[in-house]
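Below: the structure, in structure tokens.
The values are calculated or read from the model by the stated rules, or taken from the named source; none is laboratory data. Values in this document were obtained by computation on a predicted structure and should not be read as measured data. Quick reminder, even Gly has a Cβ in these numbers, built from the backbone with ideal geometry, and neighbours come from all protein chains shown.
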Amino acid sequence: MYLRSTQRRNRDGSIVRYLSLAHNRRVDGVTQAEVLLNLGREDLLDRDGLHRLVGSINRYLGEEDTGGGGGGDVGVGDGLSIVASRPMGVAWLLDGLWRQLGVDTALAKVLGGRRFTTDVERVLFALVANRAIDPASKLAAAEWASHDVAISGLESMDED
């Protein structure tokens, strides 16, 4: 099931959109949208009513109710918005294993007192994690570490 949006053009040229709850069915080998419920004109919809409906469905399914906040800003207070987010689950797990095996301290000993502009240990971890999670070239790994995954201690990574 999904929300289906249809539109029509009035004589004056304005466009009116309608929302409905629909479901795809296969009829004679061809999928056809079957409208289950017409919700009405989009500009006249009761948005709070739709939020209550979503909450009711979530309760029925046994899932946590998002509070009707629209889904995008769940857990965000008034005046705050989420600017960016990156997943960190598998990288976080590998980081724990990396530290438990002592790779970070071994690298610190080998690198000694050298002064680098970047944290070499974190960059090496990012390269290893990239090969384990989402194998790619060194150049692609830099973009992956900077944009696609959150690695503690490494905000971004250059291609060099």
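If we scan the range 98-112, do we find a residue that is under 13 Å from Val149 (Cβ atoms), of a type outside the set (S, T, N, Q) and modelled with pLDDT of 90 or more? Scanning the range 98-112 turns up no residue that is under 13 Å from Val149 (Cβ atoms), of a type outside the set (S, T, N, Q) and modelled with pLDDT of 90 or more. Considering each residue of the range 35-45 in turn, none proves to be under 26 Å from the mean Cα position of the chain (by Cα), of a type in the set (D, E, K, R) and in a helix (DSSP H, G or I). Residues in the range 6-23 that are among the hydroxyl-bearing types (Ser, Thr, Tyr) and either in a loop (DSSP other than H, G, I, E, B) or touching a helix residue (DSSP H, G or I) at 6+ places or on another chain (Cβ under 7 Å) (or both): 2 in all.
Here Met88 fulfils each of the conditions (1) at pLDDT 75 or above; (2) surrounded by 10 or more Cβ atoms within 10 Å (Cβ to Cβ); (3) closer than 20 Å to Ala145 by Cβ apart from (1).
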